[in-house]
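The structure appears right after this line, and notes come after that.
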Amino acid sequence: MKIKATRQFLIETGDITRFSGRFFVELFLKGGEYAETLRQCFFLGYKSIGLVVTTGFIIGLVITIQSRPTLVTFGAEAWLPGMIAVSLVREIVPVVTALICAGKIGSGIGAELGSMKVTEQIDAMDVSGTNPFKYLVVTRVVAATLMVPLLVVFADVVALYGGYLGVNLRGDVSWNLYWAQVLDSLAFGDIIPSLAKTFFFGFAIGLISCYKGYTTRHGTEGVGRSANASVVISSILVFILDLLAVQLTDLLQLT
Amino acid sequence: MSAEAYTNDTGGQMEPVIRLTNVCKSFGTNHVLREFNLTLNRGENVVVLGRSGSGKSVLIKCIVGLITYDSGTIQVLGQDIQSMRPLELDEVRSRIGFLFQSNALYDSMTVRENLEFPLRRHRRRMSGQEVNRLVMEALTNVGLPHTVDMMPSELSGGMRKRIALARSVILNPEIILYDEPTTGLDPITGREISGLMNELGKKYNISSIIISHDMNCVKAVADRIIVLVDGKCFEEGTYDELKNSQHDNIRKFFEL
């Protein structure tokens, strides 16, 4: 049983590698689907802003409220804005936003492409002289790669605003002082690596979801499985990529 | 061999537009097609009859290059389908319509966008007005001009089939491949679809291969019938010839 599962895992890993190889080949082939890419950016990015901004705001507020007692114990309450800024921007917001995108974007792409696969819409596209891989996969992966970082930037700003409200629930820090402390505590080495890794998060979410949807089998049951697997595998990959990014940042002494 | 040379060789009334020679296709140990031969002449409607799982759908998917076959040759409009480069294959596909069993209308697009899709791909220089004219003409042909701005999910099964048929003919193809065009439809709608297939075939001089179990549809559209058994052409003839066949494999279809 274990051998069978291991074999299946290795086969799937190989298939995903081939799928991503095909993505890069098709990406640089002439005849880009620019209009469809923009449309996907709108659907994946713009339509996720509300969710991402809401969660970003709540995270900022909650992290601030929960961090305060510990800092008060050590008499370091004044460090609160700086501390939450670093933890939010470097780690919490990128990872939480990526997980939300894995749920929303991943399940959406997995189910949409899966449904198109089992109802022969992808074959119909192929027959009508359109390269379905380029039209459906390349556009969505590119859109996810570009939109997730943008959503993270939005979420960062709103989370920091939530932090400002959290600080002022039990304290009295002016708007200018709060932002001065936040910006003072954030360095180049905090922002760039945290933003860079979100491109990889977006790429992983887009690629895995497209792979799962595009290779769906076994009818409508398969569509559900593809949507589910898109979310699960994308989420795990977000954590793995985050771990690698932290190690790399540490290795390059960007901290 | 180029399409032009092919036409010149054969010429005249019986010009083959599709020719399958000794085509074999297996999925693992399941031999779906075994040295299968078929010729479709211009303007002809050939029905492929066979039991479920006998490889009929695989056959027409091989013809448009959606599935690769193991051996033999498939020539479509004089060109070998498996040895073509992607752009050449796209060019040939633009001359073939394909009606899928599930209709395969794009769920996220309106009826207009569904019909515009192949036009935008193959007639890039066509003006918006011309595209609109062709879309409306195709919809009028199938009697559904009022559905132009509706979503596929708002349409009945028969309407979706008609829209799919309109999409299949919008590029004015020389050949249409029908995969069970009347399956899942009530007998009246099935008859209407069969009538439309005949009407459009005559109007645009289309040759077609039809996969069907529906004997009413078969009777209405078939110039010639090929019975597929165990991956091979078991029998071939007109509807009346096969109806009088004494062989069990054939009689069963006509007794339904």
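Taken together, the values in this text are just the output of simple stated rules run on the coordinates, not laboratory data. All figures in this text were calculated on a predicted structure; none of them were measured in a lab. Here the Cβ is made from the backbone with ideal geometry for all residues, glycine too, and neighbour counts use every protein chain on show.
Counting only residues 5 or more places away or on other chains, whose amide H sits under 5 Å from the amide H of B:Glu235 once H atoms are built in the peptide plane?
B:Val227
List the relative contact order of chain A as a percent without decimals, with contacts defined as Cα pairs under 8 Å and 6+ residues apart. Numbers along the way, then the final one.
Numbers: 338 pairs, mean separation 81.3, N = 255.
The normalised contact order for chain A reaches 32 percent.
Select from A:Thr54, A:Val173, A:Ser226 the residue farthest towards the positive end of the dipole of segment A:33-251; place +1 on Cβ of Lys and Arg, -1 on Cβ of Asp and Glu, and compute about the Cα centre.
Going by the charge dipole, the pick is A:Ser226.
Give me the distance between the Cα centres of segment A:219-236 and segment B:174-220, rounded to whole Å.
37 Å
Taking 35 Å as R0, compute the FRET efficiency from the Cβ-Cβ separation of B:Asp240 and B:Arg124 and round it to 0.05.
Working: r = 47 Å, r/R0 = 1.34.
Approximately 0.15, to the nearest 0.05.
Kindly provide the chymotrypsin sites (Phe, Trp or Tyr not before Pro) of segment A:1-100 that DSSP labels as loop, not H, G, I, E or B, and whose Cβ sees at most 11 other Cβ atoms within 10 Å.
Passing both the DSSP loop test and the Cβ count: A:Phe28, A:Phe74.
In whole Å, how far is the Cα centre of segment B:31-70 from that of segment B:122-149?
31 Å
Got a sec? Charge dipole of segment A:33-251, +1 on Cβ for Lys and Arg, -1 for Asp and Glu; which of A:Gly213, A:Leu88, A:Val238 is way out at the positive end?
After comparing all options, I get A:Gly213.
On full extension of the chain, what length is gained from A:Leu165 through A:Leu248, given 0.36 nm per residue of separation minus the C-alpha to C-alpha distance?
On the way: separation 83, 0.36 × 83 = 29.88 nm, distance 3.37 nm.
My answer for the length gained is 26.5 nm.
What dipole magnitude, in Debye to the nearest 20, does chain A give about its Cα centre under +1 on Lys/Arg Cβ and -1 on Asp/Glu Cβ?
Charge dipole, chain A, about its Cα centre: 620 debye, nearest 20.
Excluding B:Ser94 itself, what net charge comes from residues whose Cβ is under 15 Å from its Cβ, given Lys and Arg +1 and Asp and Glu -1?
+3
Run the numbers on chain B and let me know its relative contact order in percent, using alpha-carbon pairs under 8 Å that are six or more apart.
The value is 25 percent.
Binning at 10 Å from 0, report for chain A what percent of all alpha-carbon pair distances ends up in each bin.
P(r) over chain A, rounded to whole percents: 7, 27, 30, 19, 11, 5, 1.
When DSSP beta bridges are limited to those with both residues in the protein assembly as shown, what percentage is antiparallel, rounded to the nearest 5?
55 percent
Quick one: dipole size for the protein assembly as shown, taken about the Cα centre, charges +1 on Lys/Arg Cβ and -1 on Asp/Glu Cβ, in debye to the nearest 20.
For this selection, approximately 280 debye.
Largest first and in whole Å, what are the equivalent-ellipsoid semi-axes of segment A:119-210 based on the Cα gyration tensor, each being the root of 5 times an eigenvalue?
So the three semi-axes of segment A:119-210 are 43, 14, 8 Å.
Nearest 0.05, what FRET efficiency do A:Thr6 and B:His31 give at R0 = 25 Å with Cβ-Cβ as r?
So the FRET efficiency works out to roughly 0.20.
Within the set A:Lys134/B:Lys232; B:Lys161/B:Lys203; B:Lys161/B:Lys252, which residue pairs have Cα atoms separated by over 25 Å?
On the way: A:Lys134/B:Lys232 37 Å; B:Lys161/B:Lys203 19 Å; B:Lys161/B:Lys252 28 Å.
Pairs exceeding the cut-off: A:Lys134/B:Lys232; B:Lys161/B:Lys252.
I want the local charge near A:Arg90. Using Cβ-Cβ distances under 14 Å, sum +1 for each Lys or Arg and -1 for each Asp or Glu among the other residues. Please report the intermediate quantities before stating the final value.
Values: positive: A:Lys197; negative: A:Glu91, A:Asp156, A:Asp190, A:Asp242, A:Asp250.
Combined, the nearby Lys, Arg, Asp and Glu give -4.
When the C-alpha atoms of the protein assembly as shown are aligned to their principal axes, what extent does each axis show, in angstrom, from largest down?
Taking max minus min along each principal axis of the Cα atoms, the protein assembly as shown gives 100, 56, 44 Å.
For chain A, which longest stretch is free of loop sites, where a loop site is one of the trypsin sites (Lys or Arg not before Pro) that DSSP puts outside H, G, I, E and B and that has at most 16 other Cβ atoms within 10 Å?
Free of exposed loop sites, the longest segment is A:31-216.
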